[in-house]
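**Q** Next up is a structure, given as structure tokens.
The values are calculated or read from the model by the stated rules, or taken from the named source; none is laboratory data. Keep in mind it's a predicted model, so treat the numbers as computed, not measured. Every residue, glycine as well, gets a Cβ built from its backbone with ideal geometry; the counts of neighbours run over all protein chains shown. Each accessible area value is taken on the protein alone, full model and side chains, heavy atoms only, with ligands, DNA and RNA left out. Shrake-Rupley method; radii C 1.70, N 1.55, O 1.52, S 1.80 Å.
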Amino acid sequence: MLSASIRGDASSKFAPDNRWGYFPAASVGWRISGEPWMKDATFIEDLKLRASIGQTGNAQISDYQYLALYSTSSKDLGQGRQTTSYTSQISNDNLGWEKNTQYNVGLDMILYKGLLGLNADVYYTKTTDMLFEVPVPAVTGFQKASTNIGSMENRGIELTLTSSRKFAGGFSYDFSANWSMNRNKVLSLGGNNEPIIKEGAYSGNHFITKIGEPIG
């Protein structure tokens, strides 16, 4: 079995030159249990190997992050209240899609007419051009700016065991159990790879993102 696709997404959250992102995917599968030389293995109802690679995009940021925004303030300097305008956000025409590329290898197996089933997946995902709000030098007059920076990886295993049987008289049962493990690691943060420290909702609560550690 073979499948392939490509999708194009556009988001007005990015500058006009970066609004479109194109994300391909492909997968292959081999149903081993359907091969002629497997016909004597009657205890195997289904046995399939599969592999895939695919890319998706992330645009989960607030609106207008690529634009220079302006705000107003009003002050009384002794001659009545005066309204002034000031830049409240730095522009970034290069802001674009965050990209996630995932590789996956899997095994599906059903034995003894459903008495035992197994689904196993091993995956590796690399995220590039991550969307982050990063600190900027105070001389700019701002505290942070949205940008594409750095990369990270996720590696994991997912296992599912199943059992299903039907008996005479209408009695049947279904059983399922699953286990998964994921490891996340930051690979790069661009520039000098300085850690990104974000203050939480409560005083003294901070989240640190740095090379070689899980995000946050």
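**Q** Let me check something: with ligands and nucleic acids excluded, how do E158, E35, E153 order by accessible area (1.4 Å probe), largest to smallest?
**A** Heavy-atom accessible area, descending, gives E158, E35, E153.
**Q** Mind giving me the FRET efficiency for A68 and Q102? R0 is 30 Å, r the Cβ-Cβ distance, nearest 0.05 is fine.
**A** 0.30
**Q** For the chain, with all protein chains present and a 1.4 Å probe, just round the carbon and sulfur fraction of the accessible area to a whole percent.
**A** 54 percent
**Q** Rolling a 1.4 Å sphere over the protein heavy atoms, what is the accessible area per residue of the stretch 1-151, to the nearest Å²?
**A** Spelled out: the 1.4 Å probe surface of the stretch 1-151, per residue, equals 65 Å².
**Q** While we're on this one: What's the extension gain from W30 to L115 if we count 0.36 nm per residue and subtract their Cα-Cα distance?
**A** 28.4 nm
**Q** Testing the spin-label approximation: label points 7 Å from Cα along Cα→Cβ at N193 and D17. State their distance in nm.
**A** Distance between label points: 2.9 nm.
**Q** If you don't mind, another one. Under 17 Å Cα to Cα from K99, which lysines show up? Leave out anything in the same chain fewer than 8 places away.
**A** Candidates past the 8-residue exclusion: K13, K126, K185.
**Q** Sticking with this structure for a sec: Checking the cross-link filter: which aspartates and glutamates have an alpha carbon closer than 15 Å to that of K48, excluding same-chain neighbours under 8 positions apart?
**A** K48 reaches E35, D108, D121.
**Q** State the extension gain, in nm to one decimal, for the chain segment bounded by K126 and E45, taking 0.36 nm per residue of separation less the distance between their alpha-carbons.
**A** 25.6 nm
**Q** Testing the spin-label approximation: label points 7 Å from Cα along Cα→Cβ at S176 and K144. State their distance in nm.
**A** Distance between the two pseudo-spin positions: 3.8 nm.
**Q** Here's another thing I want to ask about it. Need the list of aspartates and glutamates near K144 for cross-linking: C-alpha distance under 18 angstrom, and skip anything on the same chain fewer than eight residues off.
**A** Cross-link targets: D63, D93, D129, E133, E194, E199.
**Q** For K210 and S85, calculate 0.36 nm times their separation in residues minus their Cα-Cα distance, and state this gained length in nm to one decimal.
**A** 41.3 nm is the gain from fully extending K210 to S85.
**Q** Additional query: Spelling out what I want: for every residue of the stretch 33-48, take phi, set θ = phi - 60°, compute 6.51 cos²θ - 1.76 cosθ + 1.60 (Karplus), and round to whole Hz; glycine and proline get x.
**A** Per residue, the Karplus-derived 3J(HN,Hα) values read 5, x, 6, x, 6, 9, 5, 7, 7, 5, 6, 9, 7, 8, 8, 9 Hz.
**Q** What are the ³J(HN,Hα) couplings of the stretch 79-90, residue after residue, when phi is run through the Karplus curve with 6.51, -1.76, 1.60 and θ = phi - 60°? Round to Hz, x for glycine and proline.
**A** Once θ is set to phi - 60°, the couplings for the stretch 79-90 become 10, x, 6, 10, 9, 10, 10, 8, 6, 10, 8, 6 Hz.
**Q** Through the Karplus equation 6.51 cos²θ - 1.76 cosθ + 1.60, θ set to phi - 60°, convert the phi angles of the stretch 167-182 into ³J(HN,Hα) values in whole Hz; use x for Gly and Pro.
**A** So the J values, rounded to whole Hz, are 10, 4, x, x, 7, 8, 9, 9, 10, 8, 9, 9, 9, 9, 9, 9.
**Q** To the nearest 10 Å², what's R50's accessible area with a 1.4 Å probe?
**A** Surface accessible to solvent at R50 totals approximately 60 Å².
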